[in-house]
Amino acid sequence: MNIHEYQAKNLMRKFGMKLLHGDIAKTPEAAVKVAKGLGGNVWVVKAQIHAGGRGKAGGVKVAKSLDEVKKYAEDILGSTLVTHQTGPEGKKVNIVFIEEGCEIEHEYYAGIVFDRSTNKITFMASKEGGVDIEKVAEETPEKIIKVGVEPSVGFTSFIGRKLAYGIGIKEKDQVKEATKFFEGLYNLYTQCDCTIAEINPLIKTKSGEIMALDAKLNFDDNALYRHPEIERLRDPAEESAKEMEAAGLGFSYIELDGNIGCLVNGAGLAMATTDIITFYDGMPANFLDVGGGATKETVQKAFSIILEDENVKAILVNIFGGIMKCDIIAEGIVGAAKEIGIKVPLVVRLEGTNVAIGRKILEESGLNIVTAKELDDAAKKVVKAAKGEE
Ligand code: GDP
Ligand code: MN
C-alpha cells in the first residue's frame, strides 16, 4: 500500500526525522491560508499523487508570493499529472501540499529496501540525489552505496556514520544529524512494516541542516492488520476501483496493459500464466487470483470483474484445483456468463479436484468454450483468440 508524501511526512515526524513545516489544501484559497499560517516569503506547492517524478512534470512549484501560491495551486489542483511513473493516462491531483521554502545546498538520495540476495534490510544512499536518481542508478551505479543491517544487531551509529561519510557529509554536527535521520528512517521502516522507504532528495540546507524534502513510503499489505492507523491513510481515489472490489471479495486482482484476461488460482500459477502468454507474444490485461477459499458466488463476481474490462479480447481460465474445486470455478463462470454474457473467446484449462464435474458443467452450459489440456496449449490458443485468429 502507498500513501501520500504529506502522510509519510507526518509519520516521519513521529520518528524524530527533521522536516520542513507544511499542510495540505484542496482549494487555492485554502492553499493561501496554509501559506499565510506557515509565514515566510517562499513556499513550495506540491501535487499529492501516488507517483514520483512530479518535479519534472510541473507538479512541484516554488512560489515567491501568496499570489503565486494561489496561481500554482489553481494550476495543479484538478489537473492530470503525467510523470514517468504514472503511465500515459496520468493521475488527477485532488490535494496539494504547501511547504515552507528552503535554501538547498545539496540534494542526496537515501532509501531502505529489503535485499533478498543478502537477507538484510539495506540502506541505499547517494551523493547524487534529486530528480535524476534513475539516471544515476543506470549510468553510474557505483555512486549509490549500500549498507546492510545485521539483523541480530539492528541499527548502530556506525551504520549512520558509514552512510554519512559515504555520501560526502563529513562535518561533525552534520554527521550526527544524518545519523539521527538514518536511525529514524530505519525505525520507521521496521516498526511500520515498510517494503520501501525512499527519501529523494535528502538535503543539506545552506545553513547546514540535514533534512528530508520528499518522502515515499510503501507498506507490506500482509502486515497492515498490525497497523490500523496506517490502513486508515489509504486514499481510494488513488486505487483502482476493480482492484479494491476484488480485494473486498478476498481475491488479488492486478490490472496490466494487455488484452488477455486471466483467471487463475495461486500467485505462482498467475506468474506462470503471465509468463507463458508473454512467451507466445500475447499480453495479459489482468490476472485475477481466486486463491483457495472462493465460493460459486464470489467466483461469479470475480469473473464479472474480468468481463467488464473493455480491453479484454480473450479470457484464459487456468485453474489447478487443489483446495479450490474445479466445479465451483465452473459454476462461477457459467453464472457470470449468464448474467453479463461472454462476448469474447474463452479458453479453459482445468485440472485437479472435481475436474470431471467441472468440465461437465462447462460442456452442458452451452457456452462457447475452447478447452485446452495443457498450459502450453492453452496459452497458444488464447493468444490466437485475442488476435482474432480463432
Ligand atoms: P518528485 O519529483 O515527485 O520526486 O518531487 P520532489 O519532492 O522530490 O521535488 C522535486 C524537486 O523539487 C526536488 O528535487 C527539489 O529540487 C525541488 N524542491 C522540492 N521542494 C523544494 C523546496 O522547498 N525548495 C526548493 N528550492 N526546491 C524544492
Ligand atoms: Mn523526489
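Quick look at the numbers
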read-out	value
Candidate set: segment 35-67, residues that are more than 9 Å from ligand 1 (Cβ to nearest atom) and small (Gly, Ala, Ser); chosen: the one nearest to ASN94 (Cα to Cα)	GLY58
Residue within segment 204-219 that is in contact with a Leu (Cβ under 6 Å, 6 or more places away or on another chain) and part of a helix (DSSP H, G or I) present	no
Breaking point among (1) at pLDDT below 95; (2) more than 15 Å from ligand 1 (Cβ to nearest atom); (3) touching a Phe, Trp or Tyr at 6+ places or on another chain (Cβ under 9 Å), for ILE121	(1)
Those residues of segment 212-241 which are away from ligand 2 (no atom under 16 Å from the Cβ) and either within 17 Å of VAL113 (Cβ to Cβ) or of a type in the set (Lys, Arg) (or both), in sequence order	PHE219, ASP220, ASP221, ASN222, ALA223, ARG226, ARG232, ARG234
Residue within segment 79-96 that is within 15 Å of ligand 1 (Cβ to nearest atom) and touching a helix residue (DSSP H, G or I) at 6+ places or on another chain (Cβ under 7 Å) present	yes
Inter-residue pairs, beta-carbon under 9 Å, first on the phi > 0 side of the Ramachandran plot and in segment 224-235, second of a type in the set (Val, Ile, Thr) and surrounded by 10 or more Cβ atoms within 10 Å (Cβ to Cβ), 6+ apart	none
Residue satisfying condition, being free of Cβ contacts under 8 Å to residues at least 12 places away in the same chain and assigned to a helix (DSSP H, G or I), within set ASP75, ASP67	ASP67
Qualifying position, being within 16 Å of ligand 2 (Cβ to nearest atom) and farther than 27 Å from GLU177 by Cβ, among ALA25, ALA47	ALA47
Test: residue in segment 128-141 that is touching a residue at least 12 places away in the same chain (Cβ under 8 Å), within 28 Å of ALA51 (Cβ to Cβ) and either of a type in the set (Phe, Trp, Tyr) or away from ligand 1 (no atom under 16 Å from the Cβ) (or both)	yes
Residue match in segment 190-199 (condition: of a type in the set (A, V, I, L, M, F, W, C) and within 13 Å of ligand 1 (Cβ to nearest atom))	yes
Boolean, GLY332 is surrounded by fewer than 20 Cβ atoms within 10 Å (Cβ to Cβ), assigned by TED's automatic domain parsing to the domain that holds ALA378, in contact (Cβ under 8 Å) with a residue 12 or more places away in the chain and under 20 Å from GLY291 (Cβ atoms)	no
Hits in segment 1-39 (condition: basic (Lys, Arg) and over 24 Å from LYS70 (Cα atoms))	ARG13, LYS14, LYS18
Single residue of segment 80-123 satisfying the filter (in the same structural domain as VAL45 (by TED's automatic domain parsing) and at positive phi) that is surrounded by the fewest Cβ atoms within 10 Å (Cβ to Cβ)	GLY87
Meets criteria (crowded, with 18+ Cβ neighbours inside 10 Å, more than 21 Å from LYS91 (Cβ to Cβ) and modelled with pLDDT of 95 or more) for ALA31	no
Long-range neighbours under 8 Å by Cβ, at least six apart or interchain, first residue touching a residue at least 24 places away in the same chain (Cβ under 8 Å) within segment 256-277, second of a type in the set (S, T, N, Q) and part of a helix (DSSP H, G or I)	LEU256/THR274; CYS262/THR273; CYS262/THR274; VAL264/THR273
Residue in segment 53-74 that is within 15 Å of ligand 2 (Cβ to nearest atom), of a type outside the set (Ser, Thr, Tyr), in contact with a Ser or Thr (Cβ under 8 Å, 6 or more places away or on another chain) and within 24 Å of GLU255 (Cα to Cα) present	yes
Candidates LYS146, LYS176 - the one that is part of a helix (DSSP H, G or I) and not assigned by TED's automatic domain parsing to the domain that holds GLY55	LYS176
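The values are calculated or read from the model by the stated rules, or taken from the named source; none is laboratory data. This structure is a prediction, so every number in the text was calculated from the model and none was measured. All Cβ positions, glycine included, derive from the backbone under ideal geometry; neighbour counts span all protein chains shown.
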